[in-house]
Each structure stands twice: as structure tokens, then as C-alpha cells.
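Undergrad: Below is a structure I'd like to ask you about.
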Amino acid sequence: MSDIKAFGERLIGNLEKVIVGKRQSIELIVIGLLCQGHVLIEDVPGVGKTMLARSLAKSLDCDFNRIQFTPDMLPSDVTGVSIYNQQKNKFEFRPGPVIGQIILADEINRATPKTQAALLEAMEERQVTVDGVTHMLSRPFMVLATQNPIEYEGTFPLPEAQLDRFLLRLRLGYPSMSDEIQVLDDQQIHHPLESLKSVITLKEILQAMDAVKQIFVSPVVKRYIVELTTRTRQSADVYLGASPRGSLSLARASQAKAAMLGRDYVLPDDVQALAAAVLAHRIIVSPAARLRDLSSDRIVQEIVHATPVPGGEFASEPVKKKVK
């Protein structure tokens, strides 16, 4: 798994040229890429959400499209539309910006729910259907969506079905004083994004994605993952718990994290480190818990602390023989 570890370090190092002091958030973005998943970046304006997405796109040798969501946007503005060609006497499909590889859905919660729903098929099935014709999307396909907190003016909450399609949700937060001073220094003459180069080829991305699937997950770790997800459905503080898609996402993200650390097997530590990022946005907090100002992240963290951690051997059989 040294190849994936080197892949991650190269990509993270390139992103850190633009995004200063946010290594943990950058690692989550890379995990999302390796898992062929989508990432929701939620935070206040001005902390670098869009810049992180653009930096990832420039670091990869992939097609990049940006969708700036607004309240007056229509679903056809996202998926594309069929236009009648008078010369050829037939309808022709004009692809929308969602038909690409790395898609930046900027301020996704400023669009109406009807327009947001235009992304559902593309995010889950990697295809777009317009006028009864299905158009397959190429690999890799990744949606990086940014959104402002729902308390802000002019925002619409994302539907639960769409939130569930995001592998991870992350928040950047404000930088420390030293990091913010470095940002001022780095951007005094020109923006670091202008000189950012591609460091990962399309072939390397596809090879890394396939390699992550081979990371061994022991039966006890699988049971641990499912138990964490099940407890979100049983908690008194949760109105609606995480779906089985949450278990699948947590398992795949844990595989990617293990590979980035140079291991070919998953540890419970990998699961614990990613539980909040993978599960918190998939649950609906109960009204009583909201009155106590209890967030979904806090609920998932409490579930992780309360769930017994499995013991035993987590490595695959070939690894154990190699150790002997």
C-alpha cells in the first residue's frame, strides 16, 4: 500500500500550497476521491471552501466543471437540455456542467430543492437521464459541494436523500493566527492557485481507486461499523438514523484511510477517526436534542465512545504469515 500512501502524500502536499493549516480537512478530501465518493464542505463564507475544491481540480489531470447555484437555476441548467437542430432536423443533446469528472457545486443550498434534486441520479448512479435518454458519466466522477450554514439568508436545507449521497461532510473552520498571517504573505503578490500544477494523472487515480477496494476489513471490524450505524438508529437523541449506505461509506472510507497510512488492513482506529465525518450528516437530530443544543457530530462522538472497541487480529491471513 506504499503506492497509495505516496499518492496521498503527493496530493496533500500540493493542496497545502494553497490551503494552509488544514491538513485534516485535506486528508478527508483525498479519502473521498479514493473512495469515488462525494464531499460536502460546510462552513461560513470566506474560509476557503471553493478554493479547496478548485485546488483539487487543478492538482488532478481531470475535466473540471463549476456550477454556481442560484435560486433561479433550473434542473436543465445542471443536467443539460435537448435542442432542436433545424439543419439536421433532429434534437441534439447539449450536456450540462454536471457531465464532467470533478464537479464543483458552489453554494449548493442556494438553489431550490427541485434543482438540487437534479444531482441525485448523477451522484448515486453515475449517469444522467434527459428526455428519456441516459448518458453515462466517466470515471472518476466526484461532486465537491460547498454550502453556507442554513441560518444564512437565502439558503434552502438540503434534502435528506441528497445528504445521504455525500460520503463525507467536513468543515474547514477559521485558521489560527499564524496560518492566517501565512495566507497574507502567500497572496501578497499573486495567488498560489495560479501556479498550482497537476501532480496526479488519470491513470494513477483509477489505479488507486481500484487498489483501495482490496484493503482487508476483518469480520470484527465490519461488525463494529454496523454496530455504530445501528446505534444511530436506536439513540433517543436521533429522529432518523443512518442508513445502510452509511455503513458502506464508513467501511470504504476506513479502507482509504488505512491505505493512506500504508496499511493493507483496517483498524478500529480508522473507523473511529472517520465516524463523525461519515455519519453525522446522515442523521436527523430529534427536537428534544435540538432544544439541548446537541449537534449531530456530538451525538456520533458519544456513540463512538459508548460502543465497545473490538479486539483480536485485524490483519489478513497473508499478512500474518509474512510476519511469522
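The values are calculated or read from the model by the stated rules, or taken from the named source; none is laboratory data. None of these values were measured; they are calculated from a predicted model. Every residue, glycine among them, receives a Cβ derived from its backbone with ideal geometry; neighbour counts consider all protein chains shown.
Undergrad: Does region 184-194 include one or more residues that are in a helix (DSSP H, G or I) and in contact with a Pro (Cβ under 7 Å, 6 or more places away or on another chain)?
TA: Applying the first criterion (in a helix (DSSP H, G or I)) to region 184-194 yields 184-186, 192-194.
Those still in the list that are in contact with a Pro (Cβ under 7 Å, 6 or more places away or on another chain) too: 186.
Yes, that holds for at least one residue.
Undergrad: What's the number of the only condition in (1) at pLDDT 90 or above; (2) under 22 Å from L250 (Cα atoms) that R10 fails to meet?
TA: (2)
Rundown of residues vs (1) in a loop (DSSP other than H, G, I, E, B); (2) modelled with pLDDT of 90 or more; (3) buried (at least 17 other Cβ atoms within 10 Å of the Cβ), yes/no style:
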{"site": "D269", "(1), (2), (3)": "no, yes, no"}
{"site": "Q272", "(1), (2), (3)": "no, yes, yes"}
{"site": "I299", "(1), (2), (3)": "no, yes, yes"}
{"site": "I303", "(1), (2), (3)": "no, yes, yes"}
{"site": "F314", "(1), (2), (3)": "yes, no, yes"}
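Undergrad: Which is touching a residue at least 12 places away in the same chain (Cβ under 8 Å) and of a type in the set (D, E), of E42, E16? Even if it seems obvious, please write down each step before you answer.
TA: Values: E16 fails: touching a residue at least 12 places away in the same chain (Cβ under 8 Å).
After ruling out the rest, the residue left standing is E42.
Undergrad: Just the residues that are touching a Pro at 6+ places or on another chain (Cβ under 8 Å) and at pLDDT 90 or above, please, taken from region 210-242.
TA: Scanning region 210-242 gives V220, V221, R223, Y224, T229.
Undergrad: When the residues of region 241-265 are narrowed to those that are touching a Lys or Arg at 6+ places or on another chain (Cβ under 8 Å) and among the aliphatic types (A, V, I, L, M), which ends up surrounded by the fewest Cβ atoms within 10 Å (Cβ to Cβ)?
TA: The qualifying residue surrounded by the fewest Cβ atoms within 10 Å (Cβ to Cβ) is L261.
Undergrad: Considering each of V278, V309 in turn, give the residue that is of a type in the set (V, I, T), not in a helix (DSSP H, G or I) and not assigned by TED's automatic domain parsing to the domain that holds V30. Outline the logic, then answer.
TA: Values: V278 fails: not in a helix (DSSP H, G or I).
That would be V309, the only listed residue that is of a type in the set (V, I, T), not in a helix (DSSP H, G or I) and not assigned by TED's automatic domain parsing to the domain that holds V30.
Undergrad: Can you tell which of L248, L202 is touching a residue at least 24 places away in the same chain (Cβ under 8 Å) and at negative phi?
TA: On the way: L248 fails: touching a residue at least 24 places away in the same chain (Cβ under 8 Å).
Every option except L202 fails the conditions.
Undergrad: Right, here's the next one. Within region 103-119, is even one residue farther than 27 Å from P244 by Cβ, at pLDDT below 85 and acidic (D, E)?
TA: no
Undergrad: In the list R245, R252, R290, which residue meets the criterion of being modelled with pLDDT under 90 and of a type in the set (K, R)? Steps first, please.
TA: Details: R245 fails: modelled with pLDDT under 90; R252 fails: modelled with pLDDT under 90.
Of the residues listed, the single one that is modelled with pLDDT under 90 and of a type in the set (K, R) is R290.
Undergrad: Of all residues in region 159-213, which are among the hydroxyl-bearing types (S, T, Y) and touching a strand residue (DSSP E or B) at 6+ places or on another chain (Cβ under 8 Å)? Show your work before the answer.
TA: Filtering region 159-213 for residues among the hydroxyl-bearing types (S, T, Y) gives 174, 176, 178, 195, 198, 201.
Result: S198, single match.
Undergrad: Here is a follow-up. Pick out the one residue from G46, G96, G37, G32 that is closer than 26 Å to T155 by Cα and surrounded by fewer than 17 Cβ atoms within 10 Å (Cβ to Cβ).
TA: On the way: G96 fails: surrounded by fewer than 17 Cβ atoms within 10 Å (Cβ to Cβ); G37 fails: surrounded by fewer than 17 Cβ atoms within 10 Å (Cβ to Cβ); G32 fails: surrounded by fewer than 17 Cβ atoms within 10 Å (Cβ to Cβ).
None of the other options fit; the residue is G46.
Undergrad: Give the residues of region 58-113 that are of a type in the set (G, A, S), more than 18 Å from N148 (Cβ to Cβ) and free of Cβ contacts under 8 Å to residues at least 60 places away in the same chain, sorted by residue number.
TA: Applying the first criterion (of a type in the set (G, A, S)) to region 58-113 yields 59, 76, 80, 82, 96, 100, 105, 111.
Those left that are additionally more than 18 Å from N148 (Cβ to Cβ): 59, 76, 80, 82, 96, 100.
S76, G80, S82, G96, G100, listed by residue number.
Undergrad: What number of residues within region 162-178 satisfy the criterion of being assigned to a helix (DSSP H, G or I) and surrounded by 14 or more Cβ atoms within 10 Å (Cβ to Cβ)? Give the derivation first.
TA: Our first condition is that a residue be assigned to a helix (DSSP H, G or I); within region 162-178, this holds for 162-163, 177-178.
The next check asks that each one be surrounded by 14 or more Cβ atoms within 10 Å (Cβ to Cβ); those that pass are 162-163.
Residues flagged as assigned to a helix (DSSP H, G or I) and surrounded by 14 or more Cβ atoms within 10 Å (Cβ to Cβ) within region 162-178 amount to 2.
Undergrad: For region 195-224: of the residues being polar (S, T, N, Q) and part of a helix (DSSP H, G or I), which is farthest from V271 (Cα to Cα)?
TA: We begin by selecting, within region 195-224, every residue polar (S, T, N, Q); these are 195, 198, 201, 207, 214, 218.
If we keep only those that are part of a helix (DSSP H, G or I) as well, we get 195, 207.
Working: S195: 36, Q207: 23 Å.
Here the residue is S195.
Undergrad: Still on this structure, please answer the following. Do we find a residue being closer than 16 Å to V226 by Cβ and either loosely packed, with under 15 Cβ neighbours inside 10 Å or over 21 Å from the mean Cα position of the chain (by Cα) (or both) anywhere in region 276-291?
TA: No, because not a single residue in region 276-291 is closer than 16 Å to V226 by Cβ and either loosely packed, with under 15 Cβ neighbours inside 10 Å or over 21 Å from the mean Cα position of the chain (by Cα) (or both).
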